[in-house]
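Visitor: Following this message is one structure expressed as structure tokens.
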Amino acid sequence: MMIPSAPPTHDLAGTTPRPADVLALVDALAAGETLTLRLDLASARAILATLTAERKGLFEWSPESDGDALRVDVTRRDATPGSKRGVFEALSWDHDRIDAFELGAFAARAAGDLETARALFERFEVGLFRHIGFEEDLLFPAIESAAGFPPHAGPTAVMRAEHVEIRAAVRLLHDAIGDPSADAESLRGRLHATLGPHNEKEERILYPMADRALPGAGPDELVAAIQAYETS
Ligand SMILES: [Fe+2]
Ligand SMILES: [Fe+2]
């Protein structure tokens with residue numbers, strides 16, 4: 001069986017790459033293709049600012065903590081320069097990106113490659129916890145204020161409660177994924193029972209609601225803030 005793997009990585013941590021060289025790397029991507037950059041914090045922020053300014057609307061990306069560095073998955077959108085992004089598109093992309101790591105982790109475990117299983121599950125966990133973080137810190141407050149929901153009631157309150165269950169299921173799997181004697185499949189069932197319907201509700205209801213409710217350039221500005229969101 002082919003084990004789904006992480007995208008090709010350019011590990012530039014410990015160096016000070018010229019933004020032009022990094023732009024050349026991402027410019028070579030075809031629409032839908034992804035690469036991963038690993039960069040020191042200062043370089044990463046400078047390069048992401050360059051991407052924002054000089055490649056507006058052309059890429060999705062997702063900075064994640066990786067030790068002292070930032071790891072950034074960059075995907076080329078099928079879009080024209082300067083085109084605006086919406087919440088639905090950007091966050092559905094992140095769901096798919098993150099889910100692929102979980103799929104890969106279990107495929108590796110099934111093939112007996114526990115080291116790869118642990119590494120891919122780590123990527124799943126870091127990506128998902130960051131995703132939950134920007135939803136709770138940026139997206140939900142924006143929806144609550146634009147649509148008039150209180151944080152303790154309504155759809156965002158339901159999503160927050162589901163995040164608690166999702167985090168708990170992921171933490172249990174964190175320990176089980178690389179342990180051949182653990183019943184990881186039943187824990188996986190518990191995760192999927194919550195995460196699957198949760199992501200579906202977000203993609204079917206909440207993200208389109210955000211794209212409708214946020215005024216003017218609101219969705220594009222929110223996606224830009226999400227792209228800059230880092231967890232420690
Ligand atoms: Fe969520
Ligand atoms: Fe989500």
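Visitor: Which length gain, in nm to one decimal place, applies between Arg212 and His174 when the Cα-Cα distance is subtracted from 0.36 nm times their residue separation? Numbers along the way, then the final one.
Guide: On the way: separation 38, 0.36 × 38 = 13.68 nm, distance 3.67 nm.
Separation in residues times 0.36 nm, less the Cα-Cα distance, equals 10.0 nm.
Visitor: Determine the equivalent ellipsoid of region 131-177 by diagonalising the alpha-carbon gyration tensor, then write out the semi-axes as square roots of 5 times the eigenvalues, largest first, rounded to whole Å.
Guide: Semi-axis lengths for region 131-177 are 26, 11, 5 Å.
Visitor: Using Cα pairs under 8 angstrom and six or more residues apart, how large is the relative contact order of the chain, in percent? Working shown, then result.
Guide: On the way: 291 pairs, mean separation 50.7, N = 232.
Relative contact order of the chain: 22 percent.
Visitor: Residues of region 178-200 with the amide nitrogen closer than 12 Å to a label point 7 Å from the Cα of Asp99, along Cα-to-Cβ, please.
Guide: Counting only backbone N, you get 192, 195-200.
Visitor: Can I ask one more? I'd like the FRET efficiency for Thr50 and Glu122, computed as 1/(1 + (r/R0)^6) with the beta carbon distance as r and R0 of 22 Å, rounded to 0.05.
Guide: Values: r = 28 Å, r/R0 = 1.28.
Working from the Cβ atoms, E equals 0.20.
Visitor: Further question on the same structure: Using Cα pairs under 8 angstrom and six or more residues apart, how large is the relative contact order of region 51-140, in percent?
Guide: Numbers: 81 pairs, mean separation 20.0, N = 90.
Normalised by residue count, the contact order of region 51-140 is 22 percent.
Visitor: With a Cα-only, solvent-free Debye model of the chain, what are the log10 I(q)/I(0) values at q = 0.12 Å⁻¹?
Guide: Values, matching the q order: -0.70.
Visitor: Please list 70-77, 140-147 highest first by mean number of surrounding beta-carbon atoms within 10 Å per residue. Provide the component values of the computation, followed by the final result.
Guide: Numbers: 70-77: 21.8, 140-147: 17.6.
So the peptides 70-77, 140-147, ranked by packing, come out 70-77, 140-147.
Visitor: A further question on this structure: Calculate, for Ala110 and Val164, the FRET efficiency according to 1/(1 + (r/R0)^6) with r their C-beta to C-beta distance and R0 22 Å; round to the nearest 0.05.
Guide: Details: r = 29 Å, r/R0 = 1.31.
Given R0 = 22 Å and the Cβ-Cβ separation, E is 0.15.
Visitor: Next question, about the same structure. Sort 148-160, 100-112 for me by packing, meaning the mean count of neighbouring Cβ atoms within 10 Å per residue, highest on top. Let's see the in-between values first.
Guide: Numbers: 148-160: 14.4, 100-112: 19.4.
Sorting 148-160, 100-112 by mean packing, highest first, produces 100-112, 148-160.
Visitor: Would you kindly calculate the translational diffusion coefficient of region 4-105, applying Stokes-Einstein with the Kirkwood radius from alpha carbon pairs, for 4 °C and a viscosity of 1.567 mPa s, and quote it in µm² s⁻¹ without decimals? Show your work: numbers first, answer last.
Guide: Numbers: Rh = 14.0 Å.
My calculation gives 92 µm²/s for D.
No lab work stands behind these numbers, since they all come straight from the coordinates. Just so it is clear, the structure is predicted and the values come from calculations on it, not from any experiment. Positions of Cβ are generated from backbone atoms using ideal geometry, with glycine treated the same way; all protein chains shown enter the neighbour counts.
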